[in-house]
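The values are calculated or read from the model by the stated rules, or taken from the named source; none is laboratory data. Every value quoted in this text rests on a predicted model; they were computed, and no experiment measured them. Backbone-built Cβ (ideal geometry, glycine too); neighbour counts: all protein chains shown. Just the protein is used for accessible areas: all its heavy atoms, side chains included, with ligands, DNA and RNA removed. Shrake-Rupley method; radii C 1.70, N 1.55, O 1.52, S 1.80 Å.
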Amino acid sequence: MNLKNILIGITLSLSTISCIQDEALNVEAAIDGCSGANIQLININEISREIDIFVFEGSNVAAQELNFTLPDGATISPDQSQSKDNPPYYDFSTEKERTFTVTSEDGSNKATYTVNLYTIELPLKYSFENLREINPYHVLYLTDVNGIMQWTSGNQGYSWCGMASNPTQYPTVQVDGGIQGKCIQLTTLSTGEFGAGSGMPIAAGNLFIGSFNSIYAIKAPRQATQFGFPFTRKPLKMSGYYKYKPGATLTDQNGNVISGKTDTGDIYAVLYEAPNSDFSLDGDLFTEGNEKAKNIVSMARIDKTEATDQWTRFDLDFKLQNGKTINEDNLKAGKYKLAIVFSSSIQGAYFEGAIGSELCIDEVEITCE
């Protein structure tokens, strides 16, 4: 063998070794998301490794479709199989709480998640009295009666910027001093160097009915907030109480000062058409030309949150949108969803706001026909 062939052989061998090293097996074991027929809402708690899945009343829970989003090469299986299991369809007819274990591609790591399947109707009154989670940030129960369903916020995304050292330093917290008992306090905060480097210099305090999809949190943050839950009534009015303190300096996404303007909060609710259970509105809702916004049927929205340190009542009528009316048959069939959203900065989804803007909310109620 001549020298040229030897050198070629060595080069090919080194290339092969390099490729093998580059293609090391993935060590991640986690559940990043989940989808499936009849699923209306999903909340994934990455800390406790609990997944709450809400389905519409009347769904076939003996064959619930669960398509888990996993890290590359990872696998998942139930810890105790049921006779009717036929992945991705799983039987929750006898056990509403089941555990699943994810195994990383290289087999070195495992993570066990508890999956809870619920059927529930959206309540009409919200008092913000009960916390489901305290650490590392506050998560509130949406229902005070049975403590199952929870409000969603952007606290999970804010945890990644490393600016909060305790639960009270997050944008969305429960505090004392409500109309009755506790209330919710939403504050626009700096995201520090992490946010500034990624074009997200602030995080508005927000609270909404829906879910937070961490997959989109960095690359498409407005799609991370997914609003709404099935609703089978005709909403007429949203009422409640608020206090608002705008921050001192309004800035844009690049941190530039916006002169002559003052920050304001946002309070609104929308009823919208949901052609399938996977459909939801997101943080791009009010972006001009957004196709999803055409699904809005009626909306109740405050004109402006006036600066006040006293509890101020709001009564917002639902007004029809997009030339639409409510179809009674579709309403009964669960083809509509209701979203309720609060934010300390009205343009916070676009990272425009004033650090220190603070919106407090309490005793909210939806009045229906």
FRET efficiency for ASN26 and LYS110, Cβ-Cβ distance as r, R0 = 22 Å, nearest 0.05?
-> 0.95
Whole-percent carbon and sulfur contribution to the accessible surface of the chain (1.4 Å, no ligands, DNA or RNA) stands at 47
Could you work out, for the chain, what percent of all Cα-Cα pairs fall into each 10 Å distance bin, beginning at 0 Å and stopping at the bin that holds the largest distance?
-> 5, 21, 30, 23, 11, 5, 3, 1, 0, 0
Ranking by accessible area, most exposed first, for ILE361, ILE326 with a 1.4 Å probe | ILE326, ILE361
So what is the accessible area of the chain per residue, in Å², with the probe set to 1.4 Å?
-> 48
Quick calc: nm separation of the 7 Å Cα→Cβ label points for GLN169 and GLN80 -> 4.2
Scalar couplings 3J(HN,Hα) for region 304-310 by Karplus 6.51 cos²θ - 1.76 cosθ + 1.60 (θ = phi - 60°), nearest whole Hz, x for Gly and Pro, are 6, 8, 5, 5, 7, 9, 10
Let me have the 222 nm mean residue ellipticity of the chain computed from DSSP H runs of 4+ only, each contributing -39500 (n - 2.57), with the sum over all residues rounded to the nearest 500.
-> -3000 deg cm²/dmol
Please work out the FRET efficiency for the pair LYS234 and LYS292, using the Cβ-Cβ distance as r and a Förster radius of 30 Å; give the result to the nearest 0.05.
-> 0.90
Qualifying aspartates and glutamates (Cα of each under 13 Å from Cα of LYS125; at least 8 residues distant if same chain) | ASP144, ASP362, GLU363, GLU365
Rounded to whole Hz and in sequence order, give me ³J(HN,Hα) for region 164-174 from the Karplus expression 6.51 cos²θ - 1.76 cosθ + 1.60, θ = phi - 60°, writing x for Gly and Pro.
-> 9, 9, 8, x, 7, 9, 8, x, 10, 9, 8
In terms of modelled amide H atoms, which long-range or inter-chain residues lie less than 5 Å from the amide H of GLU105?
-> ASN26, GLU28, ALA74
Kirkwood hydrodynamic radius (C-alpha pairs) into Stokes-Einstein, region 16-143, 10 °C and 1.306 mPa s, D in µm²/s | 97
With Cα atoms, 0 to 90° folded angle of helix 3-22 axis to the chain main axis | 30
To the nearest 10 square angstrom, how much accessible area does ARG233 have with a 1.4 angstrom probe?
-> 90
Which value, in Å² rounded to 10, gives the accessible area of LYS219 with a 1.4 Å probe and all protein chains present?
-> 150
